[in-house]
1. Counting only C-alpha contacts under 8 Å and six or more residues apart, can you give the relative contact order of the chain as a whole percent?
2. If I stretch the segment between Arg229 and Thr51 completely, what's the gain in nm (0.36 nm per residue apart, minus their alpha carbon distance), one decimal?
3. Quick check: Cα centre of the stretch 1-62 to Cα centre of the stretch 151-210, how many Å?
4. Points 7 angstrom from Cα along the Cβ direction at Asp43 and Ile252: gap in nanometres?
5. Compute the helix-to-body angle for 143-153: its Cα long axis versus the longest principal axis of the chain, expressed 0 to 90° and rounded to tens.
6. Top mean-square fluctuation among His185, His212, His139, Gaussian network model of the chain, C-alpha springs under 10 Å?
7. Hey, if you put +1 on the Cβ of every Lys and Arg and -1 on every Asp and Glu Cβ in the chain, which of Val130, Ile286, Ser85 ends up farthest toward the positive end of that dipole?
8. Treating the beta-carbon of each Lys and Arg as +1 and of each Asp and Glu as -1, no other charges, what is the dipole magnitude of the chain about its Cα centre, to the nearest 20 debye?
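The values are calculated or read from the model by the stated rules, or taken from the named source; none is laboratory data. In this text, all values refer to a predicted model and were calculated from it rather than measured experimentally. Here the Cβ positions follow ideal geometry from the backbone for every residue, glycine too, while neighbour counts run over all protein chains shown. Areas reflect the complete protein model, heavy atoms only, side chains present, ligands, DNA and RNA absent. Shrake-Rupley method; radii C 1.70, N 1.55, O 1.52, S 1.80 Å.
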Amino acid sequence: MINRIIEEAVFRLSMRTHAGGCKTDRSHRAATFSADEYDGWRDEALMDQFTGHFHWDQVKGKRVLDFGCGGGQLSFAAKQNGARSVLGVDVIPLRISRATAQAASMGLDVQFALVEDPKRIDVPDGSIDVILCFDVMEHVMNYEAAVQEWARALAPGGAVLIWWGVWWHPYGHHLQTMIPLPWVHTFMSDESLFRVLARIYDSTHFQPRIWHFDEEGKRIANPYKGKKRFDDLNKLTIRQFDAVVAKAGLRIKRKEVLPFTGKRLAAVKKLLVRTPWPDFFASRVIYELEKPA
């Protein structure tokens, strides 16, 4: 009974946005309604993620693996900034085919490969100098095996550079375009969230996003109805990830848990990410891992 009351409250609060209320960039980002605009926004976001926390000298002259490469934007940038070689891998065939075509049109010697299981990447032991893992760690379901595979593929002294949005982040549920409410996943089960999503999707006020259409441009059947758990978010925490890294024999060379952005209450935000529960107050987490020489 309590669950249903919470679901109803979350539904009604969310629908205030969809039915003509305050439409913010978080809930109604223009790029989520246009494939072309989305690609442009993702390109810019990836570049900001890299240049804001790393530098291109870290890939210059290196053999680079772009883990979860998507459309290949970061792979292209690494090659253009001096990487010796670049291999982008992803689990989605359409992304790999698009990235391969884009590399050819740009005249860049960047290779792409479909990886059906991230626990086995088709590269020799110790053949990679730098692994890039940007905005993808939360989607790696078999993350322990994937990190073990990183350790195998890396050459001694090799590095893994990571930009990660953690699960307990206020919008770590990745549902902000439909449920623009922070931390709802901390007190609602997956099944409850999906019931709310299903109702919103069927509402006449809801504007579907680009991922709600098939390749022919037809709106897909309600993808949330009857769903009981997330199958694309691993709910990995910072503490769990640190343990997985240590088990794989990698060393944390740098870790930064960055608080919410904005000047308002900046000092308080910095203190919150130093508590035993930094995940709840982090805007993003930056890692630089190293394989001991």
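1. Working: 489 pairs, mean separation 55.9, N = 293.
Once normalised by length, the contact order is 19 percent.
2. Values: separation 178, 0.36 × 178 = 64.08 nm, distance 3.48 nm.
This chain segment gains 60.6 nm when fully extended.
3. Measuring centre to centre over Cα atoms gives 9 Å.
4. 3.6
5. Roughly 20 degrees, rounded to the nearest 10.
6. Judging by the Gaussian network model, the answer is His212.
7. Ile286
8. Working: 40 positive and 35 negative charges, 211 e Å.
About 1020 debye.
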